[in-house]
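Below is one structure, written out as structure tokens, with a few remarks after it.
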Amino acid sequence: MTDKTMTADDVIARLHSGMTVGIGGWGSRRKPMALVRALLRSEITDLTVVSYGGPDVGLLAAAGKLRKLIAPFATLDSIPLEPHFRAARQAGSFALAEVDEAMFMWGLHAAANRMPFLPVRAGLGSDVMRVNPGLKTVTSPYEDGETFVAMPALRMDAALVHVNRADRLGNGQYLGPDPYFDDLFCEAADTAYVSCERLVGTGGFRDAPPQTLLVARHAVTGVVETPHGAHFTSCVPDHGRDEPFQKLYATTPWPEFAARFLHGDEKTYQAAVRTWHEERTAKEEQK
């Protein structure tokens, strides 16, 4: 069995401009932010991104990395609409294919099962069909004769996801309340890269509840250990969402935010975040 450990920069070196990249997590929860930040440091652009959108989408949109986004939403959870996504979208910087959450999920299922599409009821009677004129319907071949949306498979060249624990073989474990479809992202992509809060030994999952082990090594290309790699999104129970920093991100002009926090590697980013929190604490103590 193969040791699949690599660095974030190793992962990005395997990607290239024009790819379709899936990003796991949900909104501002357990996003593979260290991998996204590594992507920001690269020359890669013209990406089609598939995501239950959060700050991953906002960062890539603000940096001009997106050609197209396929998503049901782009939110920071406690801040309803991702502001940098909104600004880039209002400027017409990228194309958007917006679908219902359930349609998106079935698109992942179709891709994971190597089906061209799956029939779904979601979307019928809504403006989803109007804003996505490329969507087609199918009629059941059985006696019911029902009409369904034919949700196309969301096939991806690469998927990026973040979990709490992983081993060197590519098995991943989430410890929070929701898998966020990360297993489907991995199975729906040609290659999949898993970042984790901590690497564990290959026997570390022997007594783990099987429902926490949805990310399996057969669907994983590489594993990256990156503590706090989901920051500033949540990765419970390891850490919650950094709400003060998320508010800073949402209210700071992009050039200013990028200059302070995105000018170096991941170690530099984490150090800049700590410094900001120390400055913030000192100001509060002076009040």
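Only the coordinates and a few stated rules stand behind these numbers; no lab work does. In this text the structure is predicted, and so the values were computed from the model without any measurement. Note that each Cβ is placed from the backbone with ideal geometry, even for glycine, and that neighbours are counted across all protein chains shown.
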(request) Give the long-range amide H neighbours of Q173: residues separated by 5 or more places, or on another chain, with amide H under 5 Å away, using H modelled in the peptide plane at 1.01 Å from N. (result) N164, R165, A166
(request) Quick one: dipole size for the chain, taken about the Cα centre, charges +1 on Lys/Arg Cβ and -1 on Asp/Glu Cβ, in debye to the nearest 20. (result) 420 debye
(request) Measure out, as a whole number of angstrom, how far apart the alpha-carbon centroids of region 118-150 and region 30-74 sit. (result) 29 Å
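Taking the highest mean first, how do the peptides 91-97, 206-212, 188-194 order by number of other beta carbon atoms within 10 angstrom per residue?
Working: 91-97: 14.1, 206-212: 9.7, 188-194: 23.6.
Packing proxy ranking, top to bottom: 188-194, 91-97, 206-212.
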(message) Where in the chain is the longest stretch that carries no GluC sites (Glu not before Pro) classed as loop by DSSP and with at most 10 other Cβ atoms within 10 Å?
(response) 144-287
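Quick check on the chain: take the gyration tensor over C-alpha atoms, sort the square-rooted eigenvalues as a ≥ b ≥ c, and tell me if it's rounded (a/c under 1.5), prolate or oblate.
Values: a/c = 1.84, a/b = 1.29, b/c = 1.42.
Verdict is oblate for the chain.
Tell me the relative contact order for the chain as a rounded percent, counting alpha carbon contacts under 8 Å between residues six or more apart. Spell out each step's value before the answer.
On the way: 609 pairs, mean separation 57.2, N = 287.
About 20 percent, as a whole number.
Over region 168-287, calculate the relative contact order: mean separation of alpha carbon pairs under 8 Å at least 6 apart, over the residue count, as a percent. Could the numbers behind the result be given before it?
Details: 117 pairs, mean separation 30.2, N = 120.
Result for region 168-287 is 25 percent.
Cα gyration tensor of region 65-106, axes a ≥ b ≥ c as square roots of the eigenvalues: rounded (a/c below 1.5), prolate (a/b > b/c) or oblate?
Values: a/c = 2.69, a/b = 1.19, b/c = 2.26.
Note, shape of region 65-106 comes out oblate.
Counting only DSSP beta bridges with both residues in the chain, tell me the antiparallel percent, nearest 5. Each step should come with its number before you reach the end.
Values: 13 of 44 bridges.
Percentage antiparallel, nearest 5: 30.
Highest mean first, what order results for 18-25, 154-161, 115-122 on Cβ atoms within 10 Å?
154-161, 18-25, 115-122
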(request) Take every Cα-Cα distance within region 163-287, group them into 5 Å bins from 0 onward, and report for each bin the whole-number percent of pairs it holds. (result) 2, 10, 17, 19, 16, 13, 11, 7, 4, 1, 0
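What ranking of K31, K136, K65 emerges when the number of other C-beta atoms within 10 Å of each C-beta is taken as an exposure proxy, fewest first? Working shown, then result.
Details: K31 33, K136 11, K65 22.
Fewest-to-most Cβ neighbours within 10 Å comes out as K136, K65, K31.
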